[in-house]
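The values are calculated or read from the model by the stated rules, or taken from the named source; none is laboratory data. Everything quoted here is computed from the prediction, not taken from an experiment. Methodologically, a virtual Cβ is constructed for each residue, glycine included, from the backbone with ideal geometry; neighbour enumeration extends over all protein chains shown.
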Amino acid sequence: MNTTTPLPSAYPQRWQSLNLSWWRPWLALLLLILLFAATYGALALLLAIWPLPTPAPLGLLLAVLLAPLVALVPVTRLAVRWGLGQGGGLMDAPTRRFRWRWALCALGVSVVLFLPMLAIEMLWLNPAPLRPEPNLFGLALFLLLLVPFQAAGEEYLFRGFLSQFIGQWLRSRRWVFWLPLLLTSLLFALVHGQQDLPLFLTRFGLGAVFFWLTWHSGGLEAAIALHAASNLLAFAQSLLTGTTLSALFSSEVDWRLALMQLLASAAIAVLLVRLQHRHRKAAA
């Protein structure tokens with residue numbers, strides 16, 4: 001199939017246009033599991049051969065924790081390529097090409113609009129003394145480069161591969177929206193481990209927002225940008241207050257912070273979709 005051929009507008013139903021044999025999606029899912037297990041195994045082997053020093057530098061520890069999530073980008077794309085016999089661009093825009101300019105624009109808009117939320121959190125809802133992490137600027141630059149790929153890995157897995165795998169078996173447009181939204185958001189929340197109810201509902205809600213944004217923007221770029229911006233602002237707060245490790249393993253959240261993050265993410269998602277539609281009309 002020509003890689004420039006537009007795909008169906010309903011994002012989770014794109015595999016249906018390929019006339020796949022019934023076993024192809026299951027092969028892709030099996031490959032996804034095996035490739036991710038191999039990635040985790042390789043990382044565990046490296047750590048067994050070269051254990052982390054005690055205490056481990058924060059940057060090195062963050063790299064080890066985030067590496068498996070970054071690896072989800074090539075893992076999901078390879079699973080689609082080898083399992084379906086198609087390029088990983090099926091999870092990108094309708095033209096199967098990642099829209100870099102749109103992704104960078106969405107990231108910039110999201111970061112700018114999240115900044116007031118960071119100020120409200122640090123000055124009012126969750127005030128904490130400024131105790132910057134050692135090597136603050138080096139860590140900030142490292143995370144600025146790594147976190148977008150970590151967010152991309154999660155989006156390629158949940159909003160990309162899994163929503164399209166579920167959508168492959170659905171015909172009703174109503175179900176093809178709600179069922180992938182609910183299932184992928186639930187899985188997204190559950191894989192984060194132990195958490196209180198507000199934190200679980202926050203993650204579930206964010207998963208729903210990211211899916212809604214993927215559906216209406218026609219690709220993963222805006223969801224990756226919004227996810228990355230949210231994570232970057234959370235890391236910024238923890239880096240400035242010296243709470244990076246505790247924040248990474250936190251299992252609870254203030255319900256006011258949770259509500260603010262959800263509302264802000266939803267509002268930014270709506271704005272991004274409107275900006276994209278306005279740009280399309282201007283270009284037409």
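None of Phe149, Phe158 is part of a helix (DSSP H, G or I), touching a Phe, Trp or Tyr at 6+ places or on another chain (Cβ under 7 Å) and touching a residue at least 24 places away in the same chain (Cβ under 8 Å) except Phe158.
Here is a yes/no grid of residues against (1) touching a residue at least 60 places away in the same chain (Cβ under 8 Å); (2) more than 25 Å from Leu201 (Cα to Cα); (3) more than 18 Å from the chain's Cα centre (by Cα); (4) surrounded by 16 or more Cβ atoms within 10 Å (Cβ to Cβ):
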position: Leu233; (1), (2), (3), (4): yes, no, no, yes
position: Gln237; (1), (2), (3), (4): yes, no, yes, yes
position: Leu248; (1), (2), (3), (4): yes, no, no, no
position: Arg256; (1), (2), (3), (4): yes, no, yes, no
position: Leu271; (1), (2), (3), (4): yes, no, yes, no
position: Gln276; (1), (2), (3), (4): yes, yes, yes, yes
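Restricted to the stretch 88-102, and to residues there that are under 16 Å from Ser163 (Cβ atoms) and assigned to a helix (DSSP H, G or I), the residue that is modelled with the highest pLDDT is Met91.
With respect to (1) at pLDDT 95 or above; (2) closer than 26 Å to Leu257 by Cβ; (3) crowded, with 17+ Cβ neighbours inside 10 Å, the lone exception for Leu162 is condition (2).
For Arg280, the criteria (1) of a type in the set (D, E, K, R); (2) surrounded by fewer than 17 Cβ atoms within 10 Å (Cβ to Cβ); (3) in contact (Cβ under 8 Å) with a residue 40 or more places away in the chain hold in every case but one, which is (3). Would you say Val64 is of a type in the set (Val, Ile, Thr) and under 25 Å from Leu239 (Cα atoms)? It is true that Val64 is of a type in the set (Val, Ile, Thr) and under 25 Å from Leu239 (Cα atoms).
State whether the residues of the stretch 72-87 include one that is part of a helix (DSSP H, G or I), under 25 Å from Val253 (Cβ atoms) and not basic (Lys, Arg). Scanning the stretch 72-87 turns up at least one residue that is part of a helix (DSSP H, G or I), under 25 Å from Val253 (Cβ atoms) and not basic (Lys, Arg).
When Pro198 is tested against (1) over 24 Å from Leu31 (Cβ atoms); (2) of a type outside the set (Phe, Trp, Tyr); (3) modelled with pLDDT of 95 or more, just one condition goes unmet, and that condition is (3). So which residues in the stretch 190-222 are crowded, with 23+ Cβ neighbours inside 10 Å and touching an Asp or Glu at 6+ places or on another chain (Cβ under 7 Å), if there are any at all? Selection gives Phe210, Gly219, Leu220. Filtering the stretch 118-141 to residues that are assigned to a loop (DSSP other than H, G, I, E, B) and surrounded by fewer than 17 Cβ atoms within 10 Å (Cβ to Cβ) leaves Asn126, Pro127, Ala128, Pro129, Leu130, Arg131, Pro132, Pro134, Asn135.
Checking the structure you have, find out if any residue of the stretch 5-16 is hydroxyl-bearing (Ser, Thr, Tyr) and either without any contact (Cβ under 8 Å) to a residue 12 or more places away in the chain or surrounded by fewer than 17 Cβ atoms within 10 Å (Cβ to Cβ) (or both). The answer is yes; a qualifying residue exists. Only one of the numbered conditions (1) surrounded by fewer than 19 Cβ atoms within 10 Å (Cβ to Cβ); (2) out of contact with any Leu (no Cβ under 8 Å at 6 or more places or on another chain) is violated by Leu115, and that is (2). Of Trp50, Trp102, Trp23, all but one fail to be out of contact with any Pro (no Cβ under 9 Å at 6 or more places or on another chain), more than 30 Å from Leu245 (Cα to Cα), surrounded by fewer than 17 Cβ atoms within 10 Å (Cβ to Cβ) and not aliphatic (A, V, I, L, M); the exception is Trp23.
On inspection, Ala225 fails the criterion of being surrounded by 15 or more Cβ atoms within 10 Å (Cβ to Cβ), modelled with pLDDT under 95, farther than 19 Å from Leu65 by Cα and in contact with a Ser or Thr (Cβ under 6 Å, 6 or more places away or on another chain). On inspection, Val112 passes the criterion of being without any contact (Cβ under 8 Å) to a residue 60 or more places away in the chain, within 23 Å of His279 (Cβ to Cβ) and within 21 Å of the chain's Cα centre (by Cα).
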